[in-house]
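Asks: Before anything else, here's the structure in question.
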Amino acid sequence: MATFEKTIFINAPVQKVYEYTINPENWSHFYNGLAEPESVSGKGEVGTIVKSSYSMMGIHFPITIEVTESQLTADGAIWKGNITGSFPTKQTSRYVAKDGGTELTFDIDSVPPETLFTKILDKLVTDKMEENSTQHTLENIKAICESAQ
């Protein structure tokens with residue numbers, strides 16, 4: 001099981017970052033390894049269901065993402081999702097207003113799929129790959145939200 005936290009500062013308001021990142025139509029634009037959705041039910045609010053696939057080292061794993069919490073507050077926002085299928089993961093995204101921008105933190109708790117792929121690769125390697133992928137995802141969000149100002 002991989003459990004880690006990654007944080008990035010984005011020079012854009014919380015509401016802008018939150019609204020962009022909760023929209024499931026945008027997810028494949030910034031989530032490293034996530035394909036275009038096969039189906040979408042909802043717009044990022046609680047109960048939204050997205051069927052897609054996640055790619056790691058060229059292998060595509062079917063997944064379903066369900067939004068379990070999505071709330072904009074006076075001092076920030078929170079979003080939570082459960083990913084089921086080949087790559088079970090729980091993600092919590094916390095958005096905090098800071099220095100005129102947004103501090104975005106992803107908390108990830110995942111279990112790599114039991115495949116020949118993960119049996120060949122060392123667990124430390126797959127965990128590090130997932131952690132790197134999350135960092136790239138945050139950097140993609142930063143680039144997109146800061147350039148769209």
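The values are calculated or read from the model by the stated rules, or taken from the named source; none is laboratory data. Remember, predicted model here, so these are calculated numbers, not experimental data. Cβ sites come from the backbone with ideal geometry, for glycine too, and all protein chains shown count toward neighbours. For the accessible areas, the whole protein counts, side chains as well, though only heavy atoms, and no ligand, DNA or RNA atoms are used. Shrake-Rupley method; radii C 1.70, N 1.55, O 1.52, S 1.80 Å.
Asks: Kindly evaluate Phe87 against the criterion of being more than 25 Å from Cys145 (Cβ to Cβ), in contact (Cβ under 8 Å) with a residue 24 or more places away in the chain and assigned to a loop (DSSP other than H, G, I, E, B).
Replies: yes
Asks: In the range 133-147, is there at least one residue being in a helix (DSSP H, G or I), of a type in the set (Ser, Thr, Tyr), open to solvent by less than 60 Å² (accessible area, probe 1.4 Å) and at pLDDT 90 or above?
Replies: Initial filter on the range 133-147 (in a helix (DSSP H, G or I)): 133-147.
Next, only the ones that are of a type in the set (Ser, Thr, Tyr) stay: 133-134, 137, 147.
Among the residues that remain, those that are also open to solvent by less than 60 Å² (accessible area, probe 1.4 Å) are: 133-134, 137.
Next cut, at pLDDT 90 or above only: 137.
Yes, the conditions are met somewhere in the range 133-147.
Asks: Hey, another quick one. Looking only at residues in the range 73-85 that are under 16 Å from the mean Cα position of the chain (by Cα) and at pLDDT below 95, which one is surrounded by the fewest Cβ atoms within 10 Å (Cβ to Cβ)? It would help to see each step written out before you state the result.
Replies: At the first step, the residues of the range 73-85 found to be under 16 Å from the mean Cα position of the chain (by Cα) are 77-85.
Applying the additional criterion that residues be at pLDDT below 95 yields 83-85.
Values: Ile83: 21, Thr84: 12, Gly85: 16.
Once the filter is applied, the top-ranked residue is Thr84.
Asks: Moving on. Got at least one residue in the range 43-56 being among the polar types (S, T, N, Q), within 24 Å of Glu139 (Cβ to Cβ) and surrounded by 15 or more Cβ atoms within 10 Å (Cβ to Cβ)?
Replies: There is at least one residue in the range 43-56 that is among the polar types (S, T, N, Q), within 24 Å of Glu139 (Cβ to Cβ) and surrounded by 15 or more Cβ atoms within 10 Å (Cβ to Cβ).
Asks: Would you check which residues across the range 36-85 are within 22 Å of Gln15 (Cβ to Cβ) and touching a helix residue (DSSP H, G or I) at 6+ places or on another chain (Cβ under 6 Å) and list them?
Replies: Within the range 36-85, Gly44, Ser70, Leu72, Gly76, Ala77, Trp79 meet the criteria.
Asks: Are there any pairs with C-beta distances below 8 angstrom linking a residue in the range 9-22 that is modelled with pLDDT of 95 or more to a residue that is outside any helix (DSSP H, G or I) and acidic (Asp, Glu), with the two at least 6 apart or on different chains, and if so which?
Replies: So the pair list comes out as Phe9/Asp99; Phe9/Glu103; Ile10/Glu103; Ile22/Glu45.
Asks: Among what's in the range 97-126 and is open to solvent by less than 30 Å² (accessible area, probe 1.4 Å) and at pLDDT 90 or above, pick the residue that is farthest from Glu146 (Cα to Cα).
Replies: Phe106
Asks: Given the conditions (1) assigned to a strand (DSSP E or B); (2) more than 19 Å from Ile144 (Cβ to Cβ); (3) open to solvent by 50 Å² or more (accessible area, probe 1.4 Å), which single one is not true for Thr92?
Replies: Every listed condition holds for Thr92 apart from (3).
Asks: For Ser70, state whether it is at pLDDT below 95, in a strand (DSSP E or B) and either on the phi < 0 side of the Ramachandran plot or open to solvent by less than 60 Å² (accessible area, probe 1.4 Å) (or both).
Replies: Answer is no for this residue.
Asks: Select from the range 4-36 the residues that are in a helix (DSSP H, G or I) and open to solvent by less than 30 Å² (accessible area, probe 1.4 Å) and list them in ascending order. Please lay out each step first, then the result.
Replies: Taking the range 4-36 first, the residues in a helix (DSSP H, G or I) are 14-22, 27-30.
Hits for the range 4-36 are Val14, Val17, Tyr18, Thr21, Ile22, Trp27, Ser28, Phe30.
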